[in-house]
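Rule-based calculations on the coordinates, nothing more; no lab input. Since this is a predicted model, take the numbers as computed values, not measurements. Neighbour counts run over all protein chains shown; Cβ positions are idealised from the backbone, glycine included.
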Amino acid sequence: MKVIHTDQAPAAVGPYSQAIEANGVLYCSGQIAINPAEGKIVATTIEEQAEQCCRNVEAVLKEAGTDMSHVVKTTCFLAEIADFKAFNEVYAKHFISKPARSCVAVKDLPAGALCEVEVTAVL
């Protein structure tokens, strides 16, 4: 196993890695809309937060030597299911290969985030 870390995505806010590479598969931790330069969430709308989540995912994938086209599965968490349509519009711009996906609403997300995106990719 190999730990993946980049300063271009937020540091882990707990005892976990941004991603782990194992046997040609990259398992990425969920990314919320923390702006890595600021160290906090600065986006206020679901669209802005979804965009930052996707940029954070892209940064982790790049550090591992892969990209969004190699994502095979995503799990998306929304603080409000009413944001599903707006979230999808941003998501669709980034995940053009249409990986398998689960998307659920949850009670709360860390740091008051509106969404979180977790991915699994092949290397």
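Just a yes or no: is a residue in the range 18-29 more than 19 Å from A121 (Cα to Cα) and β-branched (V, I, T)?
Looking through the range 18-29, none of the residues is more than 19 Å from A121 (Cα to Cα) and β-branched (V, I, T).
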Among the residues in the range 91-104, are any in contact with a strand residue (DSSP E or B) (Cβ under 8 Å, 6 or more places away or on another chain) and among the charged types (D, E, K, R)? yes
How many residues does the range 22-47 contain that are over 18 Å from C76 (Cα atoms) and of a type outside the set (S, T, N, Q)? 9
For the range 63-110: of the residues being among the β-branched types (V, I, T) and closer than 12 Å to V122 by Cβ, which is surrounded by the most Cβ atoms within 10 Å (Cβ to Cβ)? V71
Check whether at least one residue in the range 84-105 is closer than 16 Å to S29 by Cβ, of a type in the set (V, I, T) and in a strand (DSSP E or B), and report yes or no. no
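I need a count of the residues in the range 57-73 that are in a helix (DSSP H, G or I) and touching a strand residue (DSSP E or B) at 6+ places or on another chain (Cβ under 7 Å).
Qualifying residue count, the range 57-73: 5.
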Being among the β-branched types (V, I, T), surrounded by 16 or more Cβ atoms within 10 Å (Cβ to Cβ) and in contact with a Leu (Cβ under 6 Å, 6 or more places away or on another chain) is true for just one of I34, I41, I46. Which residue is that? I46
C115 vs (1) more than 17 Å from A9 (Cβ to Cβ); (2) crowded, with 20+ Cβ neighbours inside 10 Å; (3) of a type outside the set (S, T, N, Q): all pass except (1)
Quick one: would you say A92 is over 16 Å from T45 (Cβ atoms), small (G, A, S) and without any contact (Cβ under 8 Å) to a residue 24 or more places away in the chain? yes
